[in-house]
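To keep things clear, I will list the structure first and then write my remarks on it.
The values are calculated or read from the model by the stated rules, or taken from the named source; none is laboratory data. Predicted model only: the values in this text are computed from it and were never measured. We place every Cβ from the backbone using ideal geometry, glycine too, and count neighbours over all the protein chains shown. These accessible areas exclude ligands, DNA and RNA; they are computed on the full protein's heavy atoms, side chains included. Shrake-Rupley method; radii C 1.70, N 1.55, O 1.52, S 1.80 Å.
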Amino acid sequence: KLPWSPTLWGYFDFATGDTPGGAFNRYDSLFNRRHHYLGFIDLAQRRNIEIPSLELTMKPNSRLSLMARYFHITANQETDVIIPLGGGLVPQNTTSKDYGDTMDLAAKYKISSRSDARIGYSKFWRGSKITATDNPSFVYMEWAFWF
C-alpha cells in the first residue's frame, strides 16, 4: 500500500561453463527469456554465467509504469568465454571472471486499452574479462497497438 506500489526483486542466474580440458560441457538453454533475466543489451547468453541482479518496478499512476534493472555479470569458469546473444565473440581474456555490469531503465505509458508507448535506455560497463575498450549503450522507443 505504499505510494507508487514499488516492487523489488532479486535474482541469481547461473549456467555452467566449459572446464579446462572439458568435453564442451557448458550449459545451453534452447528457449528462454533472455531480456528479462540477462538484460536488454544482449551481451550474454545463458552459458558460463553467474549473474546476481535487482529489479525495481513502480506505478506512479494507473497509466505509467517504471522499471529499473541492474545485472552484475561474471563467468562461471574464468578460462571459458561468455558468448553474446547474436553469436560471435566479444574479445575476452581467460584470467578474469568479471565480464561487466549492465543497467536497463524503461517507462511504459498506457495510451488506451489497445495501445501503449515505451521508452528505455540500456548501458553496459565492461569488466576486466573484456579486452575491448567500448562500453555500449542505446535508447529505444516503441509504440504498440493491438487489434
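So here's what we get for this one:
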{"read-out": "For GLY100, residues with placed amide H under 5 Å, excluding near neighbours", "value": "ILE73, GLY127"}
{"read-out": "Rounded FRET efficiency, nearest 0.05, which uses the C-beta distance separating SER113 from SER137 and R0 of 35 Å", "value": "0.60"}
{"read-out": "Cut-off under 5 Å, modelled amide H: who pairs with GLN45 long-range", "value": "ILE83, LEU85"}
{"read-out": "Carbon + sulfur, % of accessible area of the chain - ligands and nucleic acids excluded, 1.4 Å", "value": "61 percent"}
{"read-out": "GNM top mover of GLY17, GLY88, GLY120 - the chain, alpha-carbon springs below 10 Å", "value": "GLY88"}
{"read-out": "Loop-resident sites, region 15-74, for trypsin sites (Lys or Arg not before Pro), counting at most 11 other Cβ within 10 Å (DSSP)", "value": "ARG33"}
{"read-out": "Relative contact order, percent, the chain [alpha-carbon distance under 8 Å, six or more residues apart]", "value": "20 percent"}
{"read-out": "Calculated FRET value between ALA144 and ALA23, using beta carbons and R₀ = 41 Å, to 0.05", "value": "0.35"}
{"read-out": "Debye, to nearest 20: dipole size of region 52-138, +1 on Lys, Arg Cβ, -1 on Asp, Glu Cβ", "value": "600 debye"}
{"read-out": "Per residue solvent-accessible surface (Å²) - the chain, probe of 1.4 Å", "value": "60 Å²"}
{"read-out": "DSSP-loop GluC sites (Glu not before Pro) across region 1-83, with at most 10 other Cβ within 10 angstrom", "value": "none"}
{"read-out": "Listed residue (ILE41, GLY10, PRO60) projecting farthest to the positive dipole end of the chain, Cβ model", "value": "PRO60"}
